[in-house]
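A short worksheet on the structure shown next.
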Amino acid sequence: MIVQKDFLNKLKDFGLNSYESKLWTALLSRGVSTAGELSDIANVPRSRSYDVLESLEKKGFIIMKLGKPIKYIAVPPEEVLERVKKKVIVESDAQTKQLETLRGSEILKELSLLHSQGVELVEPTDLSGALKGRSNLYNHLESMIKSAESTVEIMTTTEGLIRKAETLKSFFQKAKERKVRVRIAAPLTKEAEKAVKELKNFVEIRHTDNIKARFCIIDGKQVTFMLLDDAEVHPTYDSGVWVNTPFFSSALKQMFDTEWKAMKPLEVKQ
């Protein structure tokens, strides 16, 4: 039995390695079979077949049939999917509970103390870094917004405003609850109408069409600015730079404040 390599690679989503994928698909094609037969069909060394089949049995992908010679029965893929899903949920819940136990623990306090002491020894100009990939950029923006004490200023594109409504809405809401002023400037086109409605209760939004930039300023002390046009770059290759320097950040904030006064108040443009 010849199974395409790309197909076997996709079975990694089920939590299977190469040998497990080959033997499982071989058994699916036969329904019931012995380890030796499966080894020949799947081109898996016989010395490994029994161990791999035992692993598949523990994972719930196959059932060992009683009798001699020992044969194996394939579990229907739909049932396997449900079992894998259930396992992922259980493991995720267990890991979440384990991480929650660390909150307020002595080890977390010690790690936080170690970090704060270390930061005090670092020059502000050294607290900077490059961010690659849009998911990493947004994870960093979340951290910045959560740390904000007074102000958050964001300049973005229409597409950027839509993304922020989808991923950062709850963080803007919590920022408002902390009395943090959040302002966003972006081209308010028809496409952004839904995003504006979702954010307007937590964020001050104004329309701009003469500035094309992507950045976020926190408390006039730190800033993250994106280097590329999000309309021309794949999310995987999006990139930005984070700097923690009040000198540069406050200057950029002053320029934002000046432009903000000239921007049109919230209004969706056609």
Original post:
Near K65, within a Cβ-to-Cβ distance under 15 Å, what is the net charge of the other residues, with Lys and Arg +1 and Asp and Glu -1?
Top reply: 0
Original post:
How large is the dipole of the stretch 171-260 about the Cα centre if only Lys and Arg carry +1 and Asp and Glu carry -1, each at its Cβ, rounded to the nearest 20 debye?
Top reply: 540
Subject >> Cross-link reach list, aspartates and glutamates versus K174, counting only Cα pairs under 12 Å and skipping chain neighbours closer than eight places >> reply: E142, E149
**OP:** If a/c stays under 1.5 just call it rounded; otherwise compare a/b with b/c (prolate if a/b is bigger, oblate if not). Do that for the chain, with a ≥ b ≥ c from the square roots of the Cα gyration tensor eigenvalues.
**Re:** prolate
Original post:
Among K200/K253; K86/K197; K194/K264; K132/K164, which pairs are too far apart, with a Cα-Cα distance over 28 Å?
Top reply: K86/K197
Original post:
Do any GluC sites (Glu not before Pro) in the stretch 139-191 lie in a loop, going by DSSP, with at most 16 other beta-carbon atoms within 10 Å of their beta carbon, and if so which?
Top reply: E149
Original post:
What order do you get for M155, M144, M64 when you list them from fewest to most C-beta neighbours inside 10 Å?
Top reply: M64, M144, M155
Original post:
Tell me, what ³J(HN,Hα) does each residue in the stretch 248-258 have, in order and in whole Hz, if you take phi through Karplus 6.51 cos²θ - 1.76 cosθ + 1.60 with θ = phi - 60° and put x for Gly and Pro?
Top reply: 6, 5, 5, 5, 5, 5, 4, 5, 5, 4, 5
**OP:** Count the net charge of all other residues whose Cβ sits under 13 Å from the Cβ of A94, scoring Lys and Arg as +1 and Asp and Glu as -1.
**Re:** 0
Original post:
In whole Hz, what ³J(HN,Hα) sequence does the stretch 152-169 give by Karplus (6.51, -1.76, 1.60; θ = phi - 60°), x for Gly and Pro?
Top reply: 9, 10, 10, 10, 8, 8, 4, 5, x, 5, 5, 5, 5, 5, 7, 10, 10, 3
**OP:** Would you order L199, L227, L38, L252 from fewest to most other beta-carbon atoms within 10 Å of each residue's own beta-carbon?
**Re:** L227, L252, L199, L38
Original post:
Using the Karplus equation 6.51 cos²θ - 1.76 cosθ + 1.60 (θ = phi - 60°), what ³J(HN,Hα) coupling, rounded to whole Hz, does each residue of the stretch 61-71 give in order, writing x for Gly and Pro?
Top reply: 8, 9, 10, 7, 7, 5, x, 10, x, 5, 10
Subject >> Length-normalised contact order of the chain in % [C-alpha pairs under 8 Å, at least 6 apart] >> reply: 15
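Laboratory data are not the source of any read-out in this text; all were calculated from the coordinates shown. Worth saying up front: this structure is predicted, and the values here are computed from it rather than measured. Counting neighbours? That spans all protein chains shown, and the Cβs are built from the backbone with ideal geometry, glycine included.
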